[in-house]
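Take a look at the structure below.
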Amino acid sequence: MNKDINASNNQTFFFEVKERSDRLMNYFLICFFLVGLLIASYYDTWLIAFGVGGISLLAYYSAKIALPDSTLYQYVLSTVLGIFMAQFIYQMHGMFEMHFFAFIGSALLITYQKWKLQIPILIIVVLHHTIFSHLQNIGFNKVYFSNQDHIDLQTLLIHLLLAAVIFFICGLWAYQLEKYSAMRKQNEEALDKSNQQLRKFNLELEKARQDADQASQAKSIFLATMSHEIRTPMNGVIGMSTLLGETPLTEEQRMFNETINTCGETLINVINDILDFSKIESGNLELEREDFDLRRLIEDVLYIFASKAAQTHLNLIYDIQENVPLQIVGDHLRLKQILTNLVGNAMKFTEQGEVCVFVHLENTKPDGQVTLRFDIRDTGIGIPEDKLNRLFKAFSQIDSSTTRKYGGTGLGLAISEKLVDLMGGQIWVESKPDLGSTFSFTITTYIGNLNRQAPFQDEKLIPSKLSTNFSKKFPFTILIAEDNQMNQHVILNILRKMGYSPDLAKNGQEAIEAVKQKEYEIILMDIQMPVMDGLEATQIIRKTLKKQPIIIALTANVMTDDEETCINAGMNDYIRKPFKLEELMNRLEKWHLIGIEK
């Protein structure tokens, strides 16, 4: 099939070559005929000019018209060009320069890209030179071949040999041109075919990209919706559980309440894992760069598991080598997430013994760049060697019984591996069944400023016990803009127990009306509300009020760049639902201290 197509394409190509050459020959044949008429005036050879020239043209065009599909007329043309040479030599009484018309004709025939067309003109030249040179030598009357009286055999042979060489070169040129043209045509066809395939592949690729984008967008919308729909009621569950914990309870009631709180936190952690993994997979997760205290971060991680460790009689230990810089630059929240995942994993599979965190300095450079290595070692059940390669795969557990017994989504280690990679490091594990495991990872970071203070990072410094004394220490007039009744109830009760008397707006429009009637120092602004959302309300407040309040976003949206969106809209801070009591208290203290500094 392809051969037939190529043959057809070649025929088309050489047909175009023939048509082009035929048009060219029409001009040159007319010129040759006119040259014959022009030189006829020298020796009064009008009869030869009209007779021989006219018969030559008639022969060529008759053959072409009679046999349009044949190449015979091309060989007639070759013969005609040779005859024109003989005519011009005769008309100019053997002028030597007229012999060059044979070479002009030979060169013209190259355009047909057929070497065989050189044969007829060569035959005409040989016959003409042989016969007419002999006739001139024997003194035949009115026969002109050369302006010399006698042409010896040696001169004739050299003349014919040189002419034959020129015809051979023209024939070779025509042959090479034909070969090159065919090759070029094949290359053009191959290139055109490749371009068509490439365009087809590009269209398929573009369609696949669009499908992938649509699928990714649909996934993002689904995850964002799922997160929002779960976080909003979960904010009420955890918030009410927190408020309930501040009331007098029996031991049994306190245990029930802690179970509710723990289940809520577990569900939120599962959602966070899924969202984090989705962000990493789509390349939308960017690391922050800020100074932080490494020792404090590790202590914060171990503090999370301190209560559970005490209950199960596990020893939680950490050791930081003396040469490790304690103040480093990086994303402390993501490093904390990695350590929390690995320590939590070690705690989950260790029933007795200890869980240890070790930090070593692997490498340092003159520009302050350092490579730190973290080892999380446990004395747990260990992992079989043939299962190690599955550990860092998403949604993967060692076996189904692991999920049933210990729980988990199977995302923690996969997320940790991705985060370590973003931090320029590697993660690996060494383990032996019944002896324990050691998870190790490295990160590349820089030494931070030792004198930098971070007064708002340690939430444990703020007492978690609700007290009206808090509002006396950090006084604010507060407006809550929230449409969900459950969340309204939670936030109102928390703030009232802290000693505040907050006002409530059910949407952004009511919030704008409220700030016109009363001066507020803090606005806790929900993002998604009916009538007018929190972003639009914030922008209007920023444009209209002379004395600007601190606006803190309250949102259950976490998939997109919500924090940046809130800041760009004019908000000062950001709290994600469901928020912890300590987080809210921390924000209020933070902005009170900033207000004092101003």
Inset, instruction - Six or more apart or on different chains, Cβ under 8 Å: which pairs go from a residue in the stretch 116-145 that's on the phi < 0 side of the Ramachandran plot and at pLDDT below 90 to one that's hydroxyl-bearing (Ser, Thr, Tyr) and part of a helix (DSSP H, G or I)? Could you list them? - result: Tyr144/Tyr90; Phe145/Ser133
Legend entry - So Ser56, is it within 25 Å of Phe167 (Cα to Cα), of a type in the set (S, T, N, Q) and surrounded by fewer than 18 Cβ atoms within 10 Å (Cβ to Cβ): no
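Yes/no per residue for (1) touching a Gly at 6+ places or on another chain (Cβ under 6 Å); (2) over 30 Å from Gln176 (Cα atoms); (3) of a type in the set (A, V, I, L, M, F, W, C):
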position: Glu16; (1), (2), (3): no, no, no
position: Met25; (1), (2), (3): no, no, yes
position: Phe33; (1), (2), (3): yes, yes, yes
position: Ala40; (1), (2), (3): no, yes, yes
position: Ser56; (1), (2), (3): no, no, no
position: Ile83; (1), (2), (3): no, no, yes
position: Ala102; (1), (2), (3): no, no, yes
position: Leu117; (1), (2), (3): no, no, yes
Legend entry - Filter pass, Thr45 being of a type in the set (S, T, N, Q), farther than 27 Å from Lys179 by Cα and at pLDDT 90 or above: yes
Legend entry - Filter result (under 13 Å from Ala346 (Cβ atoms) and surrounded by fewer than 20 Cβ atoms within 10 Å (Cβ to Cβ)) within the stretch 409-429: Val429
Inset, instruction - Give me a count of the residues in the stretch 350-376 that are touching a residue at least 60 places away in the same chain (Cβ under 8 Å), crowded, with 19+ Cβ neighbours inside 10 Å and closer than 19 Å to Ile304 by Cβ. - result: 3
Legend entry - Near pairs, Cβ below 9 angstrom, 6+ apart or cross-chain, from the stretch 495-523 (in contact (Cβ under 8 Å) with a residue 40 or more places away in the chain) to any residue that is hydroxyl-bearing (Ser, Thr, Tyr) and assigned to a helix (DSSP H, G or I): Met498/Ser471; Ile523/Thr538
Inset, instruction - Quickly run through the stretch 300-345 and pick out the residues that are part of a helix (DSSP H, G or I) and among the aliphatic types (A, V, I, L, M). - result: Val301, Leu302, Ile304, Ala306, Ala309, Ala310, Leu333, Leu335, Ile338, Leu339, Leu342, Val343
Inset, instruction - Considering each of Ile124, Ile89 in turn, give the residue that is in the same structural domain as Ile30 (by TED's automatic domain parsing) and more than 30 Å from Gln176 (Cβ to Cβ). - result: Ile89
Legend entry - Criterion: surrounded by 12 or more Cβ atoms within 10 Å (Cβ to Cβ), out of contact with any His (no Cβ under 9 Å at 6 or more places or on another chain) and assigned to a loop (DSSP other than H, G, I, E, B) - qualifying residue of Leu267, Leu287: Leu287
Inset, instruction - Pick out the one residue from Leu302, Leu316, Leu326, Leu297 that is outside the structural domain of Glu563 (by TED's automatic domain parsing), surrounded by 12 or more Cβ atoms within 10 Å (Cβ to Cβ) and in contact with a His (Cβ under 8 Å, 6 or more places away or on another chain). - result: Leu297
Inset, instruction - Evaluate the following for Ser278: is it in contact (Cβ under 8 Å) with a residue 40 or more places away in the chain, on the phi < 0 side of the Ramachandran plot and among the hydroxyl-bearing types (Ser, Thr, Tyr)? - result: yes
Inset, instruction - Taking only the stretch 367-394 into account, find how many residues are closer than 16 Å to Asn323 by Cβ and either touching a Pro at 6+ places or on another chain (Cβ under 6 Å) or not in a strand (DSSP E or B) (or both). - result: 1
Inset, instruction - State which residue pairs qualify: first residue within 17 Å of Glu563 (Cβ to Cβ) and inside the stretch 529-551, second residue acidic (Asp, Glu) in any location, beta carbons under 6 Å apart, and separation of 6 or more residues or different chains. - result: Gly534/Asp526
Inset, instruction - Filter the stretch 96-120 down to residues that are among the aliphatic types (A, V, I, L, M) and under 19 Å from Ile158 (Cβ atoms), then give me how many there are. - result: 2
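Here's the yes/no breakdown for (1) surrounded by fewer than 22 Cβ atoms within 10 Å (Cβ to Cβ); (2) among the small types (Gly, Ala, Ser); (3) on the phi < 0 side of the Ramachandran plot; (4) part of a helix (DSSP H, G or I):
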{"position": "Ala514", "(1), (2), (3), (4)": "yes, yes, yes, yes"}
{"position": "Glu519", "(1), (2), (3), (4)": "yes, no, yes, no"}
{"position": "Ile523", "(1), (2), (3), (4)": "no, no, yes, no"}
{"position": "Thr538", "(1), (2), (3), (4)": "no, no, yes, yes"}
{"position": "Lys543", "(1), (2), (3), (4)": "yes, no, yes, yes"}
{"position": "Lys546", "(1), (2), (3), (4)": "yes, no, yes, no"}
{"position": "Ile551", "(1), (2), (3), (4)": "no, no, yes, no"}
Legend entry - Criterion violated by Ile462 - all others in (1) modelled with pLDDT under 80; (2) loosely packed, with under 12 Cβ neighbours inside 10 Å; (3) closer than 23 Å to Asn235 by Cβ satisfied: (2)
Legend entry - Selection within the stretch 580-594 - touching a residue at least 40 places away in the same chain (Cβ under 8 Å) and closer than 19 Å to Pro549 by Cβ: Leu584, Met585, Asn586, Leu588, Glu589, Lys590, Trp591, His592, Leu593
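The values are calculated or read from the model by the stated rules, or taken from the named source; none is laboratory data. Only a predicted model underlies this, so the values are computations on that prediction, with no experimental measurement involved. With ideal geometry, Cβ positions are generated from the backbone for all residues, glycine too; neighbour counts draw on all protein chains shown.
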